[in-house]
1. Just one of the numbered conditions (1) away from the ligand (no atom under 16 Å from the Cβ); (2) in contact with a strand residue (DSSP E or B) (Cβ under 6 Å, 6 or more places away or on another chain) is not true of G438; which one?
2. Are there any pairs, at least 6 apart or on different chains, whose C-beta atoms fall under 6 Å, with the first in region 268-289 and in contact (Cβ under 8 Å) with a residue 60 or more places away in the chain and the second away from the ligand (no atom under 14 Å from the Cβ) and not aliphatic (A, V, I, L, M), and if so, which?
3. Can you name every residue in region 148-205 that is more than 21 Å from L268 (Cβ to Cβ) and outside any helix (DSSP H, G or I)?
4. When region 55-85 is examined, which residues are found to be aromatic (F, W, Y), assigned to a helix (DSSP H, G or I) and free of Cβ contacts under 8 Å to residues at least 24 places away in the same chain?
5. Can you tell which of L410, L405 is touching a Lys or Arg at 6+ places or on another chain (Cβ under 7 Å) and either closer than 30 Å to L180 by Cα or in a helix (DSSP H, G or I) (or both)?
6. Out of G356, G380, G360, I need the residue that is within 20 Å of I276 (Cα to Cα), surrounded by 24 or more Cβ atoms within 10 Å (Cβ to Cβ) and in contact (Cβ under 8 Å) with a residue 24 or more places away in the chain. Which one?
7. Please find, among I435, I429, I464, I415, the residue that is at pLDDT 95 or above, touching a Phe, Trp or Tyr at 6+ places or on another chain (Cβ under 8 Å), more than 23 Å from L239 (Cα to Cα) and of a type in the set (A, V, I, L, M, F, W, C).
8. Being among the hydrophobic types (A, V, I, L, M, F, W, C) and closer than 23 Å to V301 by Cβ, is that true of even one residue in region 322-340?
Amino acid sequence: MSTPIVYEPDRAFALPANQRRLISLMLYLGFAALAVGVVNGLAQALNYADIDVFRYFPGLHTYYEGLTVHGVFNVIVLTFAFANGFVSLTTARGLNRPLNGGLLWAAFVTLLAGAALAAGAILSGHASVLYTFYAPLEAHWTFYLGLTLIVVSTWLTSANLFLSLSRWRREHRGERIPLLAYISVVTFIFWDIASVGVAADVVLMLLPWSLGILSGVDPMLSRTLFWFTGHPIVYFWLLPVYVSWYAMIPRQVSGSLFSDTAVRIVFLMFLCIIPIGLHHQYADPGISPGLKFVVAGLTFVVFLPSLLTAFSVMYALEIGGRRRGGSGLLGWIFTLPWGEPSVAAQILAMLAFMLGGITGLINASYSINLDIHNTAFVPGHFHLTVGSAVALSYMGITYWLVPYLEQKRLWGKRIALAQAWCYFVGVLIFARGLISGGLAGMPRRTAISLIDYPLPPGWREAGILTGVGGTLMFIGAVLFFVVLAMTVLFGEPTEIADIPFTDTIEPPPASGWLVNLDRFGYWVAATIVLCVLIYGPIIYHHIPPELYSSGSTNY
Ligand code: HAS
């Protein structure tokens, strides 16, 4: 395959040193959260294996405190910090211009303050409400304020990206937005719309309630607003990874992306299909079966952009593998640079995500969902998605990103490789345990190690697999932190001028209908219309008198 890579290495780019430092701090904050989160993850895995975690984790006040730490630290603090830092960098690089230093700084300080407040509330035992923190569970007001600040930090990041884009547009009238910047900015437009639900839930209901300003809240409304964001939040975790899979991995394996337009359409599909959080509420009352049916259909539609991603990225990998001498039907797989930890970790993450996608389809199917909802099957699904596609890709990206930010060589390449494989094998065993446990009726979010009746058939074997897999994942995470710390502290200084990224085989068309893909106003308007059509009737139904009830709480 002799297709040229459309890549211009002469576009000199240097992010100012202070901006590079702020991005590193953002990432290290996320990794500090991950470190605390994975310790509690081990506790969760051992709990499924019927090992009394409280004996071995003396700092843990309750099972739910541990689970809240695990969820909030891993899927809120880590992911938001990573998105803020990494996507800021990719936008700057894509537009070939530095960011606004003040906004970058403000985003970091807000994130830090928010994370500290939320952590303080959880670790002091005042917020055991899990990462899905909707009513009727109530936490200390500092928890909600902390989360508010964390979300505000993402909005500040958005403001920064939009500012850069508008300045770039002024200087490049009539030009298509470079692909790397395009997918980075759409990730944040997507999140800004998606976060409206949880912002309303926290600011209008949960925060005033926890401060005693409201005497009660409507739990169904709180839950529905939460899930408005709770579905698309999973793609806010994933889309920074897609930025890497589309724009960086092809270059890292010497491949190319075949279609610029296909990538833009994939990101716009995620944007337009935001309002399908009701698939988390199939089992809830108060939502019409007709609406659930429509949302089930749209959930199958949101499967498509990931399916397109699977084919596009696999083709880019194949081009790379063949350029590197691979031949035959599958020979290209073996000539991919499996010895590079950054690449190996991300390809393993993709492989795990295939299983994550299949389990997602099972969840999405209304009648099967009624069987697996609230069972261990669901954490089985999401450890194959956020727990591997996302977490393992973040680790893989870190293996080039931290050397670039610190201008140091990666320490311990072999350990980093072992780390990726250990985590990957661990997550497969772990998820297999949870999935089979869930099919045998094992509930999620339950302190199995504390129950005092004989375990039902299938639970013990499932729990052992979960415990073994979770332990391997934990070892993989520890190895990651060893490589990270050693690179930052003792890495050999070197000069890394640029980040690895590529454009596509064909540049985007400069005229015709497809230029409308860059006119975000149309797509935002379409998204808002769909949101109003799906959520308007439900929200309308729940507005006063339910929202501000008087007297005691109304559940
Ligand atoms: Fe999900 C529940 C449906 C994707 C996360 N999901 C959850 C929860 C989480 C979560 C955290 O419909 C639990 C929330 C809670 O606490 O209650 N999910 C889906 C569907 C998809 C999906 C249809 N989920 C994700 C992603 C997540 C995530 C992504 C995190 C990042 N999910 C559901 C439903 C529920 C749910 C229901 C509610 C369950 C319940 O009842 O509670 C789809 O978007 C998945 C599409 C994925 C694919 C796979 C594409 C594969 C790719 C890799 C290709 C490989 C290559 C490598 C290129 C179509 C892109 C080749 C290499 C070689 C060497 C050959």
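1. (1)
2. Pairs that qualify, where the first residue is in contact (Cβ under 8 Å) with a residue 60 or more places away in the chain and the partner is away from the ligand (no atom under 14 Å from the Cβ) and not aliphatic (A, V, I, L, M), are L268/W523; L271/W523; L271/T527; C272/T527; I274/T527; P275/C531; P275/Y535.
3. Within region 148-205, R173 is the sole residue that qualifies.
4. The answer is Y56, and nothing else.
5. On the way: L410 fails: touching a Lys or Arg at 6+ places or on another chain (Cβ under 7 Å).
Result of the check over L410, L405: L405.
6. Working: G380 fails: within 20 Å of I276 (Cα to Cα); G360 fails: surrounded by 24 or more Cβ atoms within 10 Å (Cβ to Cβ).
G356 is the lone residue from the list that is within 20 Å of I276 (Cα to Cα), surrounded by 24 or more Cβ atoms within 10 Å (Cβ to Cβ) and in contact (Cβ under 8 Å) with a residue 24 or more places away in the chain.
7. I435
8. Within region 322-340, not a single residue is among the hydrophobic types (A, V, I, L, M, F, W, C) and closer than 23 Å to V301 by Cβ.
The values are calculated or read from the model by the stated rules, or taken from the named source; none is laboratory data. All values reported here derive from a predicted model rather than from experimental measurement. Note that each Cβ is placed from the backbone with ideal geometry, even for glycine, and that neighbours are counted across all protein chains shown.
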